[in-house]
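Step one of this worksheet: look at the structure below.
The values are calculated or read from the model by the stated rules, or taken from the named source; none is laboratory data. Keep in mind that this is a model prediction, so the values were computed, not measured. Using ideal geometry, Cβ is built from the backbone for each residue, glycine included, and neighbour counts are taken over all protein chains shown. We work out accessible area using only protein heavy atoms, side chains counted, and drop any ligands, DNA or RNA first. Shrake-Rupley method; radii C 1.70, N 1.55, O 1.52, S 1.80 Å.
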Amino acid sequence: QVQLVESGGDLVQPGGSLRLSCVASGSIFSIYGMAWYRQAPGKQRELVAMLTSGGSTNYADSVKGRFTISRDNAKNTVFLQMNSLTSEDTAVYYCNARIKVVPNTKAYDYWGQGTQVTVSS
């Protein structure tokens, strides 16, 4: 089994910063892309940032220049550094990873349980 566990969510004031972490564990053969999504109340889940195994990144327009996704391949961990936070960033943040469990088989998407980020004064 594969597990993704996020951490780092918190209550922070506008203009503040947070760093989210997500660790993948279990029977992992290889990890391809890793990404962060978020879902605000009453809204659909949206992609925040993506990092491919080749190192390419993709960010939502709303977070470009403020958020940075990075990865520690040795520790199967992906990070999201969030700066200059606003109330619009308030959401549950979910980690996503495309993982192959068995060689020569298909890779599948796995999700974490989510971590709450609240930006409020």
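Screening residue 45 with (1) open to solvent by 30 Å² or more (accessible area, probe 1.4 Å); (2) over 14 Å from residue 111 (Cβ atoms); (3) among the charged types (D, E, K, R) gives one miss only, at (2). For segment 28-86, filtered to residues that are assigned to a strand (DSSP E or B) and among the small types (Gly, Ala, Ser), the residue that is nearest to residue 112 (Cα to Cα) is 35. List pairs: first in segment 62-74 and under 13 Å from residue 34 (Cα atoms), second among the hydrophobic types (A, V, I, L, M, F, W, C) and open to solvent by 50 Å² or more (accessible area, probe 1.4 Å), Cβ under 8 Å, 6+ apart or cross-chain? Partner pairs satisfying both residue conditions: 69/50. Inspection of segment 19-26 finds a residue satisfying the criterion of being of a type in the set (D, E, K, R), at pLDDT 95 or above, outside any loop (DSSP other than H, G, I, E, B) and surrounded by fewer than 16 Cβ atoms within 10 Å (Cβ to Cβ).
Checking the stated criteria, residue 6 turns out to be assigned to a strand (DSSP E or B) and among the charged types (D, E, K, R).
Which one is farthest from residue 35 (Cα to Cα), of the residues in segment 95-121 that are open to solvent by 40 Å² or more (accessible area, probe 1.4 Å) and under 18 Å from the mean Cα position of the chain (by Cα)?
Of all residues in segment 95-121, those open to solvent by 40 Å² or more (accessible area, probe 1.4 Å) come to 98, 101-106, 108-111, 113, 116, 118, 120-121.
Applying the additional criterion that residues be under 18 Å from the mean Cα position of the chain (by Cα) yields 98, 108-111, 113, 116, 118.
Numbers: 98: 9, 108: 13, 109: 10, 110: 10, 111: 10, 113: 14, 116: 16, 118: 20 Å.
Filtering first and then ranking leaves 118.
State yes or no: is residue 2 closer than 19 Å to residue 109 by Cα, open to solvent by 20 Å² or more (accessible area, probe 1.4 Å), within 11 Å of the chain's Cα centre (by Cα) and hydrophobic (A, V, I, L, M, F, W, C)? Judged against the criteria, residue 2 is not a match.
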